[in-house]
Each structure stands twice: as structure tokens, then as C-alpha cells.
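Asker: Okay, here's the structure, questions in a sec.
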Amino acid sequence: MSTVKEVVDVEVPVHTAYSQWTQFEEFPKFMEGVEEVKQLDERHNHWTTKIGGVKREFDTEIVDQLQDDRITWRSVGGDTHQRGSVRFERLDETHTRVELTMEVEPTGMVEKGADALGIIDRRVKGDLHRFKDYVEEHGGETGAWRGRIRPGDAGATETPGTTRTPGTPGPTGTTRMPGAPNTPGTPGTAGAPGTTGIPGSPHTPGTSGTRGTPGTPGTPGPLI
């Protein structure tokens with residue numbers, strides 16, 4: 001089994017370098033001989049490679065992943081046997097050291113010949129330098145997965161700040177209609193004005209009494 005190790009310093013923050021490496025399906029853009037990487041789930045990827053005209057397909061499993069620190073993987077099926085690790089070291093606010101270590105076991109005559117000629121070694125080192133150019137050109141990550149995978153985990157654990165490819169939005173909830181405003185009550189009918197009493201009939205003045213009849217003058221008495 002051949003071991004390849006390479007270190008490169010990139011002019012981006014550690015979170016940018018790490019996050020970009022988690023975008024496995026973009027590996028063909030800077031890795032020589034990698035035709036396709038298909039992410040099956042958070043732990044597994046399916047690779048299609050071509051070296052010296054020989055096409056190989058195999059799966060890898062991530063066995064340890066810690067944000068802004070490391071990603072470790074191994075092959076679990078297919079024609080290629082390998083395991084590797086990439087580590088990220090913060091140098092300062094805008095610089096990161098990336099260290100790639102890979103152990104590759106050539107399986108066919110072509111791969112064994114390429115290994116003997118140092119082709120695999122040069123290709124892996126070249127891939128890391130092309131990664132440096134790729135992430136520095138973009139100036140920022142094109143995506144990120146910041147979950148945690150521990151050795152022996154059945155699945156991954158997501159941490160706060162994880163960014164994923166947006167899923168299909170779920171059905172929109174029904175918006176509750178605001179309550180209808182109360183309809184103002186119909187004004188009450190004004191009471192009919194009270195009936196005005198009929199003024200009383202004026203008192204009829206009493207009839208004046210009949211003047212009495214003057215008395216008859218008395219008879220004069222005798223003279224003395």
C-alpha cells in the first residue's frame with residue numbers, strides 16, 4: 001500500500017477551506033482522473049474514476065468528521081482500496097493549512113504501474129494544489145455541511161450552523177383569517193315624543209251676585 005502526504009497553505013479562512021471540502025460532488029472540478037462523485041447520504045459517496053484509460057467505480061464511507069478540523073474516510077466497496085484523511089489548521093484570520101494523507105492499494109496492472117512510476121503520488125499532490133486554486137478563486141465556499149460524524153456512528157449528527165442544499169418547501173400552512181369586525185348595532189328607534197296634554201279649559205268666572213233691593217225708607221217718627 002502506498003502512502004501519499006501533501007501540505008498546502010490556502011488564503012482563505014479555515015471555515016471556508018473546510019466547508020468547500022465537504023462539497024464532494026465538486027471534486028471532479030479539481031481532482032485529476034475523477035469523473036464523478038455522487039453523494040449517497042451524509043456518510044457515503046460513490047466515485048467514478050479513470051486512470052490510464054481504466055475506469056473504476058467504488059464507494060467511500062466517512063468514519064470521522066469534525067467541523068473546521070478533519071475529515072477521515074475509507075473505501076467500502078468496489079475496485080479501489082484506499083483510506084485517507086484531510087486536516088485543517090487555522091493559521092490566522094485569512095489563512096489555513098490543509099494536510100492531505102492517503103493510503104492507496106493499487107488493484108490492477110495499470111494502477112500498479114502508475115504507482116511504480118509515481119503517477120498516483122503526483123496526481124494526489126496535484127489535486128491538493130488545484131483545490132487551493134479552486135477555493136481561492138471563488139473567495140468563499142460554494143456550499144457547506146457542518147455536521148458531526150463520530151467513528152462507529154450509525155448516522156451523522158448535525159450541529160448549529162449546518163447549511164444544506166435547500167429542500168423542497170413543505171406545503172404552505174393555511175393562514176387564519178382575521179376575525180370579522182363586529183357590525184355596528186342598528187341604532188335604536190327613537191321613542192315617540194310624549195303626547196302633549198290638552199290644556200285645561202279656562203275657569204269660567206263666577207256670575208256676579210244680584211245686587212240687593214234697597215230697603216224701604218222708614219216712616220219718620222213724631223216731632224217732639
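The values are calculated or read from the model by the stated rules, or taken from the named source; none is laboratory data. The model shown is predicted, which means the values in this text are computed figures rather than measured ones. Because the Cβ atoms are built from the backbone with ideal geometry, glycine has one as well, and the counts that use them run over all protein chains shown. The protein model used for the area step is the full one, side chains on, heavy atoms only, and it has no ligands, DNA or RNA in it. Shrake-Rupley method; radii C 1.70, N 1.55, O 1.52, S 1.80 Å.
Asker: About its Cα centre, what dipole magnitude does region 93-135 give when the only charges are +1 on Lys and Arg Cβ and -1 on Asp and Glu Cβ, stated in debye to the nearest 20?
Answerer: Numbers: 7 positive and 9 negative charges, 38 e Å.
Here region 93-135 has a charge dipole of around 180 debye.
Asker: Check which residues have an amide H placed less than 5 Å from GLY147's amide H, if you skip close sequence neighbours.
Answerer: Excluding prolines and chain starts, which carry no amide H, the hits are THR159.
Asker: Excluding ligands, DNA and RNA, what is the solvent-accessible area per residue of region 6-133 at a probe of 1.4 Å, expressed in Å²? Walk me through the intermediate numbers first.
Answerer: Values: 6090 Å² over 128 residues.
Heavy-atom accessible area per residue stands at 48 Å².
Asker: Percent of accessible area on region 13-57 owned by carbon and sulfur, 1.4 Å probe? Present the calculation step by step, with values, prior to reporting the outcome.
Answerer: Working: 940 of 2070 Å².
After summing per-atom areas, the C and S share lands at 46 percent.
Asker: With a 1.4 Å probe and all protein chains kept in place, how do ARG87, ARG56, ARG122 rank by accessible area, largest first? Each step should come with its number before you reach the end.
Answerer: Details: ARG87 115, ARG56 50, ARG122 140 Å².
Reading off the accessible areas and sorting them downward yields ARG122, ARG87, ARG56.
Asker: Whole-Hz ³J(HN,Hα) for each residue in region 131-142, computed from phi via Karplus 6.51 cos²θ - 1.76 cosθ + 1.60 with θ = phi - 60°, x for glycine and proline: what do you get?
Answerer: So the J values, rounded to whole Hz, are 4, 4, 4, 5, 6, 6, 5, 6, x, x, 5, 8.
Asker: Kindly flag which residue pairs out of LYS112/LYS132; LYS29/LYS112; LYS5/LYS38; LYS5/LYS55; LYS55/LYS112; LYS55/LYS132 have an alpha-carbon separation exceeding 21 Å in this structure.
Answerer: With Cα atoms farther than 21 Å apart: LYS112/LYS132; LYS29/LYS112; LYS5/LYS38; LYS5/LYS55; LYS55/LYS132.
Asker: Can you tally the net charge around ASP127? Count Lys and Arg as +1, Asp and Glu as -1, for every other residue whose Cβ sits under 9 Å from the Cβ of ASP127. Write out the running numbers ahead of the final one.
Answerer: Values: positive: ARG123, LYS125, ARG130; negative: GLU6, GLU32.
Net charge around ASP127: +1.
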